[in-house]
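Below is one structure; the comments refer to it alone.
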Amino acid sequence: MLSALARVATRRPLTVILIWLLLLVAGFGIGTRVFGDLEGSVEVVEGSESQRTEELLDRLSTEGASVQGLVESGDLPGLRTEVERAVADVRAMQGVAEVPDPYGMTSKDGQALLIPVEFDHGMADDDEEELAEDVADRLHEIDGATVHVSGGPLLGVQLGGQAQQDVASAEIISLPVVLIVLLLIFGGLRAAALPLVVTISGVAGAFLALYGFSLVTDVSVYAVQVTTMLGLGLAVDYALLMVVRFREERTSAGSVVEAVERTVAKAGRTVLFSGLTVAVCLTGLMVFPNPFLRSMGLAAAAVVVVDMLAAVTLLPALLTKFGGKIAPASPRRRLFGRSSERSEREPGHVFARLARFSARRPVAVTVTVIAGLVLLALPATRMTMNLGDARQLKQGTEARELYDSVRAHYPVGTGVDPINVVIMPNAEPDCERKIRALAGIAHAESVRTANGTVLLDLTPKGTVDGAEAVDLVERIRDLRGDEPVHVTGNAAHLVDFRDMLAERAPWAILIVLVGIFALLFAFTGSLLIPLRTILTTLFSLGAALGVVTWVFQDGHLAGWLGAEGLGALSLTAPPLIIAIAFGLAMDYELFILARMREEWLRTGDHRAAVVTGLRQSGRVVTCAALLLAIVFGAFMTGSFSPILQIGLGLTLAVLIDATVVRMLLVPATMTLLGGKAWWAPRRLRRLHDRFGLKE
């Protein structure tokens, strides 16, 4: 398969380049439409009680969506005419159901008033968004006051616009820096520019994949940033690996075409397995009955496949056309020659020395590294997750300004989404009374429908997804017993999401581990290397999660990132960090194992395989990790705390894995295994010889 792709790319390079150019135009033309159709909600669990009750409530309730405005001024009485004129204009808009008297909702300090605007029930999503924008525009016209408007359909529009701005900003920051680093790595503009072309193609593919998914399912506002981040990073990684290998092959190949074909056969094999491995890790998210996680897994896996295909088709075509002007790699002296074993001028000598150091002290290195990683991972043992509130946005965004203003002028709990309880007509008569008597309720109000169903709204004390709200949901569900009482609301969604993670996570982990084990066996022909790889990767992943918990949950150094300690991580951050970071760790592992395997097959010397493999791949892995950290770091300049959490987690996971784990722990553990590292039972060996992917 790889040789066939190489032949197509080398024989018809212009055709391949033209196809990718069309994809590029489609991605940045059609694909960017996804920014206009993003979903802010991530917590819904299909088939859960909260989701079913929400659908029931939507049929029973006559209330529509709503937005909330807040007017701040030191002279609210003097603004009465202006405010009432604006409220009258809003009430006259088609689709607005109700706007209560805002002066009846003035804060105790007399410096703010709330303007809740309720829409007609059953409006189409597009109509709701258009009406919400019209309402916001009119309220912002109130002179002499500071006005903030958000919530409901307007929140999704604001988040989508902010997401587009953050992605554009991250690209503007990361791409020039990536180009500069590539120039330093290759020493020439042509070699540095080729990975950048593949990177831009990967971004276009990310947009196009997301837009395709948005036509059939909801796409989260976070999905755009995460998949673009991943698309940028992996495209750089794969292109870097291919170009470095091409320059090496140029030293012995008779022609550019031969060098390209050798590159695709060898480095392309690594890219193919790496892409499949990352995709397998991401498809583990599809086990969860949550539209956000499932769509994230599919979209991110699609982006990985696009990057992989670009690396083994577009890049070979570009190398065929322009590779003749790229300088070959510098000649290398033999690693184990008498005069060159410890030469300071030997290419990759630093990594060879690290490998020899770990090989001489494998037990000490293994124990020390694992102890350090476990210490970093300790905060993750008390990690908790919640939905979060507007504090997840940086100050200056509309939703955050509204949230902060409400907290500054109104009592705690004002504006908190209620817990919605639906009490069916055949429930016990005193059911509502028992629920109202529960502790932790700040406010309660109910409506009885024509058929006798009671719609009870309970405002919990504290935050929308705080301990009080979660505990109240659980106590209502315990209290009802067999009664036909159903609970929904944000706190109920959180309870169901946590239960879903606890129930499905073991299955997701099993699927990913089996898939990774199978792919690594197909790549190496060994049973012990996949097991060692999985175990060492778990240590680096735990360390990254521990630091993220310490920063964003506990609040240490969070201010340096423009965030704050929230007492919990975002609900979706840990699953995404685990899935993506595990895949990226496999990425670097395969870079190193590919070189080790080549030397093992050539010499049969396990020590030479470890040292030579790290010497030849260490520079690529380190540079790839640096480039990936630059990309992730650029996305950490955005406005969403969940993206900051994911960005920091992935950056740490990549840097820890590519340095401490791959440069010290891998050679140490490979030395401890010795020649047995490449062992497999005879039957599995024959199976690998028959079906394993070869160069």
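Conditions tested, residue by residue: (1) of a type in the set (S, T, N, Q); (2) at pLDDT below 85; (3) closer than 20 Å to residue 150 by Cβ.
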| site | (1), (2), (3) |
| --- | --- |
| 16 | no, no, no |
| 25 | no, no, no |
| 49 | no, no, no |
| 53 | yes, no, no |
| 61 | yes, yes, no |
| 90 | no, no, yes |
| 107 | yes, no, yes |
| 114 | no, no, yes |
| 119 | no, no, yes |
The lone condition residue 424 fails out of (1) open to solvent by 30 Å² or more (accessible area, probe 1.4 Å); (2) within 25 Å of residue 63 (Cα to Cα); (3) free of Cβ contacts under 8 Å to residues at least 40 places away in the same chain is (3)
Somewhere in region 155-174, is a residue within 28 Å of the chain's Cα centre (by Cα) and part of a strand (DSSP E or B)? no
Which one is most open to solvent (accessible area, probe 1.4 Å), of the residues in region 41-95 that are of a type in the set (S, T, N, Q) and part of a helix (DSSP H, G or I)? 81
Out of region 352-382, which residues are open to solvent by less than 30 Å² (accessible area, probe 1.4 Å) and of a type outside the set (A, V, I, L, M)? 356, 358, 362, 366, 379
Test result for residue 523, of a type in the set (Phe, Trp, Tyr), under 17 Å from residue 572 (Cβ atoms) and either buried (at least 18 other Cβ atoms within 10 Å of the Cβ) or within 22 Å of the chain's Cα centre (by Cα) (or both): no
State which residue is least open to solvent (accessible area, probe 1.4 Å) when the search covers only region 168-187 and only residues that are under 24 Å from residue 638 (Cβ atoms) and β-branched (Val, Ile, Thr). 178
Go through region 259-285 and give me each residue that's surrounded by fewer than 23 Cβ atoms within 10 Å (Cβ to Cβ) and in contact with a Ser or Thr (Cβ under 9 Å, 6 or more places away or on another chain). 262, 265
Residues of region 320-348 being at pLDDT below 85, open to solvent by 40 Å² or more (accessible area, probe 1.4 Å) and part of a helix (DSSP H, G or I), which ones? 324, 325
Of the residues 230, 240, which is buried (at least 24 other Cβ atoms within 10 Å of the Cβ), farther than 30 Å from residue 499 by Cβ, in contact (Cβ under 8 Å) with a residue 60 or more places away in the chain and hydrophobic (A, V, I, L, M, F, W, C)? 240
Please verify whether region 590-601 includes one or more residues that are closer than 22 Å to residue 297 by Cα and either surrounded by 23 or more Cβ atoms within 10 Å (Cβ to Cβ) or touching a Leu at 6+ places or on another chain (Cβ under 9 Å) (or both). yes
Does residue 27 meet the test of being surrounded by 15 or more Cβ atoms within 10 Å (Cβ to Cβ), outside any helix (DSSP H, G or I) and not charged (D, E, K, R)? no
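Suppose we filter 439, 518 for residues that are within 30 Å of residue 661 (Cβ to Cβ), small (Gly, Ala, Ser), loosely packed, with under 15 Cβ neighbours inside 10 Å and out of contact with any strand residue (DSSP E or B) (no Cβ under 6 Å at 6 or more places or on another chain); which single one remains?
518
The values are calculated or read from the model by the stated rules, or taken from the named source; none is laboratory data. Computed from a predicted structure; not experimentally measured. Virtual Cβ from ideal backbone geometry, glycine too; neighbours counted across all protein chains shown. Side chains are part of the model used for accessible areas, which takes the heavy atoms of the whole protein and leaves out ligands, DNA and RNA. Shrake-Rupley method; radii C 1.70, N 1.55, O 1.52, S 1.80 Å.
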